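Before any comments, here is the structure.
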Amino acid sequence: MGPDRITSPDRDVLREAKGVRQQVLDASLFIAVVVGGLAFARTLLDAIHLEAWSIVTETVALYGGFVVLFFAKRLPYSVRALCFLGLLYVVGVSTLLTVGYLAAPVLILACQSVLASVLFRRGITLVVLGVNLLTLLAVGAVLSSGMMVVETTTFYEPAVFMNWLRVATIFAVFCGIAVVSVDAVTNHLNQSLRDQAELIENLKGAMQLRDEAESQ
């Protein structure tokens, strides 16, 4: 970006920031569809083998939602981003109720909170964070009271290495989304700081030329 572009009155900084958020959303959906597809396939096969048909239906519906959002690029940004956060929330809650307390579901909700802070402003971020905290407490209360029993924990039998691969894939998906989000925003902020520094240097040079011209 040249000095003329930096100092141009036609430059729309808000539009540039929205473009960065759009890139974060597209990259996050790409990770969820491509990398998450590995965990989806394995979970689907295990659920069919265990005849856990409710998990089969839920898994297919949720992964299908990610695929639809990935290709639905004509949808308004706010609708697409809110639907993505909603799907992440449903995945986290359903996983908690399916397998109980594990790091993976908590990680999903944590990733969703981080992503909300990137895709939207502070108000929505605080709402998302508050809902996730209340959800964790509510799920804990339901499971600990015996009102609902975890359907199966066979998916995460620690003696089976394939289950560790599944957990590693889930970690890669949701940590990858968080890392991509934070990295994109950080790069944008750094670029803005460099632009401002260059603008200040240009202004200093212009003021120096003006002073020299006045002295002459």
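The values are calculated or read from the model by the stated rules, or taken from the named source; none is laboratory data. Source: prediction; values computed, not measured. Counting neighbours? That spans all protein chains shown, and the Cβs are built from the backbone with ideal geometry, glycine included. Calculation scope for accessible area: heavy atoms of the full protein, side chains included, ligands and nucleic acids excluded. Shrake-Rupley method; radii C 1.70, N 1.55, O 1.52, S 1.80 Å.
Just one of the listed residues (90, 106) is of a type in the set (Val, Ile, Thr) and either at pLDDT 75 or above or part of a loop (DSSP other than H, G, I, E, B) (or both), namely 90. Exactly one residue among 48, 55, 31 is of a type outside the set (Gly, Ala, Ser) and modelled with pLDDT under 85, and that residue is 55. Pairs are defined by a Cβ separation below 6 Å, a sequence spacing of at least 6 or placement on different chains, a first member in region 115-144 that is over 21 Å from residue 28 (Cα atoms), and a second member that is modelled with pLDDT under 80; the pairs so defined are 139/96; 142/148.
For (1) modelled with pLDDT of 75 or more; (2) surrounded by 13 or more Cβ atoms within 10 Å (Cβ to Cβ), each residue gets a yes or a no:
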{"site": "128", "(1), (2)": "yes, yes"}
{"site": "132", "(1), (2)": "yes, yes"}
{"site": "141", "(1), (2)": "yes, no"}
{"site": "151", "(1), (2)": "no, yes"}
{"site": "154", "(1), (2)": "no, yes"}
{"site": "163", "(1), (2)": "no, yes"}
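Report yes if residue 71 is in contact with a Gly (Cβ under 9 Å, 6 or more places away or on another chain) and either among the aromatic types (Phe, Trp, Tyr) or at positive phi (or both), otherwise no. Spelling it out, it is not the case that residue 71 is in contact with a Gly (Cβ under 9 Å, 6 or more places away or on another chain) and either among the aromatic types (Phe, Trp, Tyr) or at positive phi (or both). One residue alone among 43, 57 is more than 21 Å from the chain's Cα centre (by Cα), within 14 Å of residue 94 (Cα to Cα) and open to solvent by 70 Å² or more (accessible area, probe 1.4 Å), and that residue is 57.
Among the residues of region 64-87, write down those that are surrounded by 13 or more Cβ atoms within 10 Å (Cβ to Cβ) and among the hydroxyl-bearing types (Ser, Thr, Tyr). 77, the sole residue that qualifies. Out of the residues in region 37-75 meeting the condition of being among the small types (Gly, Ala, Ser) and assigned to a loop (DSSP other than H, G, I, E, B), tell me which one is nearest to residue 22 (Cα to Cα). Within region 37-75, the match that is nearest to residue 22 (Cα to Cα) is 72.
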